[in-house]
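Note sheet for the following structure.
The values are calculated or read from the model by the stated rules, or taken from the named source; none is laboratory data. The model shown is predicted, which means the values in this text are computed figures rather than measured ones. Quick reminder, even Gly has a Cβ in these numbers, built from the backbone with ideal geometry, and neighbours come from all protein chains shown.
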């Protein structure tokens with residue numbers, strides 16, 4: 001098998017594994033609240049399930065054992081496989097329970113499933129960093145971003161269809177089956193063996209903070225905190241925005257949940273093609289400019305009361321911005337992971353990015369109590385404009401070729 005087809009096959013397998021891993025997490029985050037509402041639970045109870053997103057903030061700590069306790073062969077594959085098996089068992093356990101009779105046990109297992117999903121992402125991402133060369137990483141980042149969009153469509157939409165028509169256990173059994181398929185697919189991924197130098201892989205505080213001693217990590221930390229956070233906040237609040245503008249729930253589900261998800265996945269998958277014409281640093285700036293245009297156009301559509309079809313353009317632009325942004329950020333994150341601490345360095349960067357994304361989404365929601373949607377999106381546009389200016393000034397410094 002030639003190198004191109006071998007790369008494509010392994011990249012597609014790992015992307016599929018990211019999809020399989022993320023579908024249950026998104027089902028619990030996006031689908032389960034709707035299930036609870038249909039079952040008559042109060043809003044405060046529904047809000048409890050948003051805590052399922054919290055383990056992702058602490059990926060750094062979940063990454064520590066992955067880099068500390070090493071297998072002689074197929075190190076990252078074995079870590080991923082162990083967590084996937086436990087993940088499947090947890091989903092099967094939830095499927096056997098009754099939401100009404102075993103609510104708190106269901107909630108506890110959902111939190112455990114969310115934690116396991118976070119665990120699995122760490123060795124999978126570290127495996128990508130290990131087996132894919134730097135010149136392939138934009139393609140890898142694009143495929144991972146596309147995988148998450150596909151998981152968004154599946155976990156936040158398709159699994160609800162199975163719940164509505166086939167009952168409580170059906171989506172859980174399907175998601176467990178998808179994980180089982182991904183487990184067998186993992187066997188086809190080739191992982192070379194690292195030398196077991198205990199001194200090299202010994203963890204210490206000095207090694208942890210050593211990440212920030214790499215060149216330009218201060219500037220790169222700014223990108224991790226702010227580059228994706230504001231466009232992500234726009235993507236989160238574009239659904240309630242459309243509802244506030246008078247769109248029906250079905251129209252919102254189709255335009256954002258299906259159309260937006262497909263556009264985001266397509267943008268992610270094709271991000272590497274732009275690398276044939278632009279460098280990573282140029283793409284970093286151009287994508288930041290696209291984010292300004294996308295959110296700015298959405299704000300102007302509301303301020304100027306433009307016809308409704310402009311909101312579909314807004315969804316398309318914001319989805320493209322999210323797709324391109326996540327692809328290039330994932331790609332550069334891989335370049336900053338050191339060989340002796342791939343999982344930890346990925347976990348640290350992911351924790352910073354996730355913390356900022358959740359924080360600014362929460363702040364945006366709080367601001368909506370006193371601001372209108374046009375004002376919120378105008379504020380996000382200004383924030384994205386500042387990020388764009390920073391990107392054009394420092395993109396070359398943070399990108400590693």
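Scan 266, 282 and give me the residue that is assigned to a helix (DSSP H, G or I) and under 20 Å from residue 253 (Cα atoms).
Details: 282 fails: under 20 Å from residue 253 (Cα atoms).
Being assigned to a helix (DSSP H, G or I) and under 20 Å from residue 253 (Cα atoms) holds for just one of 266, 282, which is 266.
Filtering the stretch 370-401 to residues that are assigned to a helix (DSSP H, G or I), surrounded by fewer than 16 Cβ atoms within 10 Å (Cβ to Cβ) and either free of Cβ contacts under 8 Å to residues at least 60 places away in the same chain or under 24 Å from the mean Cα position of the chain (by Cα) (or both) leaves 375, 382, 386, 389, 393.
For first residues located in the stretch 90-104 and under 14 Å from residue 171 (Cβ atoms), partners that are outside any helix (DSSP H, G or I) and modelled with pLDDT of 95 or more and lie 6+ apart or on another chain with Cβ distances below 9 Å do not occur.
Pairing residues of the stretch 340-352 that are free of Cβ contacts under 8 Å to residues at least 24 places away in the same chain with residues that are assigned to a helix (DSSP H, G or I), at Cβ distances under 7 Å and at least 6 apart in sequence or on separate chains, gives no pairs at all.
For the stretch 36-51, a residue qualifies if it is under 20 Å from the mean Cα position of the chain (by Cα) and either assigned to a loop (DSSP other than H, G, I, E, B) or modelled with pLDDT of 65 or more (or both), and the qualifying residues are 49, 51. Taken over the stretch 323-354, the criterion of being at pLDDT 80 or above and within 15 Å of residue 62 (Cα to Cα) is satisfied by 345, 348, 349, 350, 351, 352, 354. Count of the stretch 303-320 residues, restricted to those that are within 20 Å of residue 254 (Cβ to Cβ) and part of a helix (DSSP H, G or I), is 12.
If you check 190, 144, 130, which single one turns out to be touching a residue at least 60 places away in the same chain (Cβ under 8 Å), under 21 Å from residue 328 (Cβ atoms) and surrounded by fewer than 19 Cβ atoms within 10 Å (Cβ to Cβ)? First the steps, then the outcome.
Numbers: 190 fails: under 21 Å from residue 328 (Cβ atoms); 144 fails: surrounded by fewer than 19 Cβ atoms within 10 Å (Cβ to Cβ).
Just a single option satisfies the conditions, and that option is 130.
Quick check: anything in the stretch 76-96 at pLDDT below 90, surrounded by fewer than 24 Cβ atoms within 10 Å (Cβ to Cβ) and part of a helix (DSSP H, G or I)? Yes, the stretch 76-96 contains a residue that is at pLDDT below 90, surrounded by fewer than 24 Cβ atoms within 10 Å (Cβ to Cβ) and part of a helix (DSSP H, G or I).
Might you let me know whether the stretch 108-116 holds any residue that is surrounded by 16 or more Cβ atoms within 10 Å (Cβ to Cβ), farther than 24 Å from residue 348 by Cβ and in contact (Cβ under 8 Å) with a residue 60 or more places away in the chain? For the stretch 108-116, residues surrounded by 16 or more Cβ atoms within 10 Å (Cβ to Cβ), farther than 24 Å from residue 348 by Cβ and in contact (Cβ under 8 Å) with a residue 60 or more places away in the chain: present. Do we find a residue being at pLDDT 70 or above, more than 30 Å from residue 164 (Cβ to Cβ), out of contact with any helix residue (DSSP H, G or I) (no Cβ under 7 Å at 6 or more places or on another chain) and outside any helix (DSSP H, G or I) anywhere in the stretch 52-67? Within the stretch 52-67 (the criterion being at pLDDT 70 or above, more than 30 Å from residue 164 (Cβ to Cβ), out of contact with any helix residue (DSSP H, G or I) (no Cβ under 7 Å at 6 or more places or on another chain) and outside any helix (DSSP H, G or I)), the answer is no, since none of the residues qualifies. Out of curiosity, is residue 287 assigned to a helix (DSSP H, G or I), touching a residue at least 40 places away in the same chain (Cβ under 8 Å) and under 18 Å from residue 242 (Cα atoms)? The answer is no for residue 287.
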